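A short write-up of the structure that comes next.
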Amino acid sequence: MHMRKIILIFLLIYQSSIGQIFLKEVEANKLKTNIINSSLNTKNIISDFIQYKHLSFLEKDIISRGKLVYIEPNYIKWDYNYPFNYECIFEKEKLTINNEGNINQIDISSNELFKELNKIIANTLKGDMFDKEKFNIEYYDNRTNYYIRFIVKDTSLIKYFSAFELSFDKNNYGVLEIKILEDENDYTKIVLYNKIINNDIN
Amino acid sequence: MILTKRLLIVFILSLSLGCGFKELHDLNTYNSPKNKIENPYFSNKKIDYNYTVKIEKNKKKINGIISIKKIDSIYHRIVFMSGFGYKLFDIEVSRNDFKWKSINAEIDKKYFKKLLMDNITNLIYGDNNINFSYKKNNKLFFKSKGERKEILYLLDTTNTLIEIYCENKGFKKRHISFNKIRNNIAENIKIQNFYPSMIINLEFFNN
């Protein structure tokens, strides 16, 4: 009995030291419901963002910055202003890229990578990303935020990315970070800040 | 009739592409002990060489980010990605070897890969086979002459590499200029390919 207590204390210390606690089914379902409810009330989001491109062979991540505009159900604009001006608009099945006035429109229904990226981000903002057929989903509490890892099951997607991870605000269940993991420990992490929800957008 | 058409095409091509670079006309032979050219711009293992890229081809413009890193004494790793962050290609390259780690299906074309390999080799490596040197208006040119290809390196008065001229059988192939040079970093690089016509502009940026 004494030994069991020691092991339990050791496990608790270990869990808190690694900074994240795996959520059991009941807690995970509660978190999932809260995220979905929060998203149902979200009509639009305007937010600044920093994008960290992590390439394992570089000393530092490559940083890009810009503004995100989301209007439900299917409009997402990534308006980059650093290191260069670049605008990406996902709307329904179309991706419009504005390269400093040079506009290209791409039908993303035929492009698996764009289609999936758009789906992940749109569904994340809509709270509709809990697809158990495509992903093994793990729920964590990392003390400051909730954190959900989606590990790709679908073999057609693995060539593009192995998993994605989302961080959520503990107070309002809004998304704070989107991390898309590629191969060999490379990833893209997008951190949202100065977020305004349900503002008047003309 | 067909022969006449072909001759006409060759004549027009010769006019538009031929005669090589006018900057290389009237060079005066110059005796120099230099038999190799160092390219210092991508040679420091501690530096992440991150550049924004603007490519203009047939009035189309493509923007992106390229990261070049010397990873050991032989290899460089080069990743080109869109502004959105997805990789268009990822290669490990040495002077004689290209290992393709990934390439987007839309650009996975033989001619494009060849063009890319030629551009990268000219851009990041120097040359150990200098066999001619010239002088013109106080500028020093060093030539590496192969069976078909000729590459001329232009050095400024401080012995710094500032331009590269590539010709193939006397036709203009490529011109590279290294500009705004600070601490062995060329903060602006312009690459002009003549056939196929394509202009690449690189701007260094530091997080």
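Of note:
- In this calculation the C-beta distance from A:K92 to B:H25 is compared with R0 = 60 Å, giving a FRET efficiency of 0.60.
- Spacing of the two label points (7 Å from each Cα toward its C-beta) at A:K159 and B:R182, in nm: 4.3
- Averaged over B:148-157, number of beta-carbon atoms from partner chains that fall within 10 Å: 0
- Per-residue mean of C-beta atoms belonging to partner chains within 10 Å, peptide B:48-57: 3
- When only the Cβ of Lys, Arg, Asp and Glu is charged (+1, +1, -1, -1), the dipole of segment A:88-198 relative to its Cα centre reaches about 360 debye.
- Of A:K94/B:K45; A:K32/B:K69; B:K60/B:K101; A:K30/A:K94, those spanning more than 32 Å from alpha-carbon to alpha-carbon: A:K94/B:K45; A:K32/B:K69; A:K30/A:K94
- Translational diffusion of segment A:49-202, µm² s⁻¹ [Kirkwood Rh, Cα pairs; Stokes-Einstein; 10 °C; 1.306 mPa s]: 96
- Segment A:85-166 - Rg and Dmax from Cα coordinates, angstrom: 15.0, 45
- Residue pairs exceeding 22 angstrom between C-alpha atoms, taken from A:K53/B:K109; A:K189/B:K87; A:K43/A:K189; B:K57/B:K136; A:K115/B:K59: A:K53/B:K109; A:K43/A:K189; B:K57/B:K136; A:K115/B:K59.
- A simple count of charges around B:S133, restricted to other residues whose Cβ falls under 9 Å of its Cβ and scoring Lys, Arg +1 and Asp, Glu -1, yields +3.
- Charging the Cβ of each Asp and Glu at -1 and of each Lys and Arg at +1, and nothing else, the dipole of the protein assembly as shown about its Cα centre rounds to 1180 debye.
- Chain B - Debye-derived log10 I(q)/I(0), Cα point model, q = 0.09, 0.13, 0.15 Å⁻¹: -0.38, -0.79, -1.04
- Residue-count net charge about A:S156 - beta-carbon cut-off 12 Å; Lys, Arg +1, Asp, Glu -1: +1
- The reciprocal of the average 1/r between distinct C-alpha atoms defines the Kirkwood hydrodynamic radius, which for segment B:122-173 equals 11.4 Å.
- Under a Gaussian network description of chain A, with springs only between Cα atoms under 10 Å, the residue in A:I45, A:I120, A:I106 that fluctuates furthest is A:I106.
- Stokes-Einstein, applied to the Kirkwood radius of segment B:150-207 over Cα pairs at a viscosity of 0.890 mPa s and 25 °C, places its translational diffusion at 199 µm² s⁻¹.
- Using every pair of separate Cα atoms, the Kirkwood estimate puts the hydrodynamic radius of segment A:20-119 at 16.1 angstrom.
- Pairs beyond 20 Å (Cα-Cα), from A:K24/A:K195; A:K126/A:K179; B:K135/B:K173; A:K179/B:K113; B:K36/B:K114: A:K24/A:K195; B:K135/B:K173; A:K179/B:K113; B:K36/B:K114
- Quarter the surface of the alpha carbon convex hull of the protein assembly as shown and you get the mean projected area, 28.4 square nanometres.
- Rounded, prolate or oblate (a/c below 1.5 giving rounded, otherwise prolate when a/b exceeds b/c) for segment B:71-132 by Cα gyration tensor: prolate
- Of the peptides A:33-43, A:186-196, the ranking by mean beta-carbon count within 10 Å, highest at the top, reads A:186-196, A:33-43.
- Globularity ratio of segment B:30-112, using Cα Rg and 2.2 N^0.38 Å: 1.32
- The Stokes-Einstein estimate for segment A:74-117, based on a Kirkwood radius over Cα pairs and taken at 4 °C with 1.567 mPa s viscosity, is a diffusion coefficient of 120 µm²/s.
Values quoted throughout were computed directly from the atomic coordinates according to the rules given, and no laboratory measurement underlies them. From a predicted model like this one, the values you see are computed outputs, not experimental measurements. Here Cβ is always computed from backbone atoms with ideal geometry, including for glycine, and neighbour counts include all displayed protein chains.
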